[in-house]
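Visitor: The structure that follows is given in the form of structure tokens.
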Amino acid sequence: MTTASSFKKHFLLLGILTVAALFLNISLGSVGIPLDAIADVLLGGDSIKESWQFIITQYRLPKAITAMLCGSGLAVAGLLMQTLFRNPLAGPFVLGLSSGASLGVALLILGAGIAGGFLGTALVNPWSLVGASALGSFLVLLAVVVVTLRVKDTMAILIIGLMFGSVTSAVVAVLSYFSNAELLQKYIFWSFGSLGNVSWEGIGILAACCMTGMLWAIGKSKSLNALLLGENYAKSMGVHLKKNLLILVVITSLLAGSITAFAGPIAFVGLAVPHLTRQFFKTSNHLILLPAVMLFGSILMLLCDTVAQWPYSEWTLPINAITSLLGAPVVIWLLVRKKRLLF
């Protein structure tokens, strides 16, 4: 059995790895920047090259912070969904939030194409894409909440969430079919996901949403632990199932919806990180797992972004492709190695 001292050592190791991944991410790119120069900027110094300082403060540091917020938020959302549905394949987008965001963006881009001219160009900008994505996710959330209030079976909610995702994906497919090549290309580029297009103002909003969701999730640790032992046991422990279900859906929607709005759909992080964390910590206690998945998610996303920005090259690969390429083998390896996932 893992002791408290072992947990402390694990968290210390994850903390060190997070700092190392952060410095590595900021250091590598089309232009290599020494680690001491990065430390100088982070500590408020101004003795390095002006070009390096601009690259760090205006591009790489915001991108790294976005990566950490997205990785930790998606990991927490994935853990909540896997616990709620007791399904190792449940992820943060199982309720159809990503598809709803995709539908909102697709409608915006297609509408801009129909408007044409100056109005069409004005409609498609970073903040309008964020708004359209957030609105799409919110509408799907409302539909899921209405269903949650009327359906008692959590598995039925899971299936209905998947159906919402299928319907919105079908509408997006129809819109894509009737779009011209230029509009379709804009939508595809958004669907690749991007961590480098978030301004400092956007990071502030994203951080507020993610921190609210993650702290709220930690506050529900006891209820989550009770749910692992079944709904009857949770009832005997005084857990209000309907209220608890609604809260977990809202937390997941807040995390996944805000991240998708600012960074686009990012796959596999929310699915793979909770499994990696359980294997590393050997516990199902959410008071331990929740902060652990935050650190694991941050590390994984920083490493994926480091690979995506293709060090010492002008190439930047889609972050969504990198997370899928790294995440899928991890899940396969866990299934083959353990034959069952720890719950």
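The values are calculated or read from the model by the stated rules, or taken from the named source; none is laboratory data. Predicted model only: the values in this text are computed from it and were never measured. Glycine also receives a Cβ, built like all others from the backbone with ideal geometry; neighbour counts cover every protein chain displayed. Note: accessible area is taken over every heavy atom of the protein model, side chains too, but ligands, DNA and RNA are not part of it. Shrake-Rupley method; radii C 1.70, N 1.55, O 1.52, S 1.80 Å.
Condition check ((1) closer than 30 Å to I218 by Cα; (2) of a type in the set (A, V, I, L, M, F, W, C); (3) in contact with an Asp or Glu (Cβ under 8 Å, 6 or more places away or on another chain)) across all residues:
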| site | (1), (2), (3) |
| --- | --- |
| S5 | yes, no, no |
| K9 | yes, no, no |
| L28 | no, yes, no |
| A39 | no, yes, no |
| S47 | no, no, yes |
| P62 | yes, no, no |
| G73 | yes, no, no |
| L80 | yes, yes, no |
| N87 | yes, no, no |
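Visitor: Continuing with the same structure: Only one of these conditions is not met by R337: (1) open to solvent by less than 50 Å² (accessible area, probe 1.4 Å); (2) modelled with pLDDT under 85. Which number is it?
Guide: Going through (1) open to solvent by less than 50 Å² (accessible area, probe 1.4 Å); (2) modelled with pLDDT under 85 one by one, R337 breaks only (1).
Visitor: Then there's this: Quick one: which of K49, K9 is under 25 Å from L195 (Cβ atoms), open to solvent by 30 Å² or more (accessible area, probe 1.4 Å) and without any contact (Cβ under 8 Å) to a residue 40 or more places away in the chain?
Guide: It is K49.
Visitor: Of all residues in the range 286-325, how many are out of contact with any Leu (no Cβ under 7 Å at 6 or more places or on another chain), open to solvent by 20 Å² or more (accessible area, probe 1.4 Å), assigned to a helix (DSSP H, G or I) and not small (G, A, S)?
Guide: Counting residues in the range 286-325 that are out of contact with any Leu (no Cβ under 7 Å at 6 or more places or on another chain), open to solvent by 20 Å² or more (accessible area, probe 1.4 Å), assigned to a helix (DSSP H, G or I) and not small (G, A, S) gives 9.
Visitor: Right, something else. Please pick out the residue among G44, G113, G91, G104 that is open to solvent by 60 Å² or more (accessible area, probe 1.4 Å), among the small types (G, A, S) and at pLDDT below 90.
Guide: Selected residue: G44, the only one of G44, G113, G91, G104 that is open to solvent by 60 Å² or more (accessible area, probe 1.4 Å), among the small types (G, A, S) and at pLDDT below 90.
Every residue, every condition in (1) surrounded by 18 or more Cβ atoms within 10 Å (Cβ to Cβ); (2) over 14 Å from I266 (Cβ atoms), yes or no:
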{"position": "L184", "(1), (2)": "yes, yes"}
{"position": "Y187", "(1), (2)": "yes, yes"}
{"position": "G204", "(1), (2)": "no, yes"}
{"position": "C210", "(1), (2)": "yes, no"}
{"position": "W216", "(1), (2)": "no, yes"}
{"position": "G219", "(1), (2)": "no, yes"}
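Visitor: List, please: which pairs have Cβ atoms under 8 Å, are six or more places apart or on different chains, and start with a residue in the range 143-170 that is over 20 Å from G78 (Cβ atoms) and end with one that is of a type outside the set (A, V, I, L, M) and surrounded by fewer than 16 Cβ atoms within 10 Å (Cβ to Cβ)?
Guide: L149/K242; K152/K242
Visitor: Only one of (1) touching a residue at least 24 places away in the same chain (Cβ under 8 Å); (2) at negative phi is not met by G193, so which one is it?
Guide: With (1) touching a residue at least 24 places away in the same chain (Cβ under 8 Å); (2) at negative phi applied to G193, the lone miss is (2).
Visitor: Sticking with this one: Count, please, the residues in the range 246-285 that happen to be buried (at least 21 other Cβ atoms within 10 Å of the Cβ) and among the basic types (K, R).
Guide: The total comes to 1.
Visitor: Which one of these does P265 not meet: (1) modelled with pLDDT of 85 or more; (2) in a helix (DSSP H, G or I); (3) closer than 27 Å to I65 by Cα?
Guide: The single condition P265 does not satisfy is (2).
Yes or no, residue by residue, for (1) without any contact (Cβ under 8 Å) to a residue 60 or more places away in the chain; (2) closer than 19 Å to R86 by Cα:
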{"residue": "I203", "(1), (2)": "no, no"}
{"residue": "K235", "(1), (2)": "yes, yes"}
{"residue": "T283", "(1), (2)": "no, yes"}
{"residue": "I299", "(1), (2)": "no, no"}
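Visitor: Further question on the same structure: Of the residues L69, L42, which is among the aliphatic types (A, V, I, L, M), under 20 Å from G204 (Cβ atoms) and more than 14 Å from the chain's Cα centre (by Cα)?
Guide: None of the other options fit; the residue is L42.
Visitor: Select from the range 129-149 the residues that are modelled with pLDDT of 80 or more and either touching a strand residue (DSSP E or B) at 6+ places or on another chain (Cβ under 7 Å) or not aliphatic (A, V, I, L, M) (or both) and list them in ascending order.
Guide: Selection gives G131, S133, G136, S137, F138.
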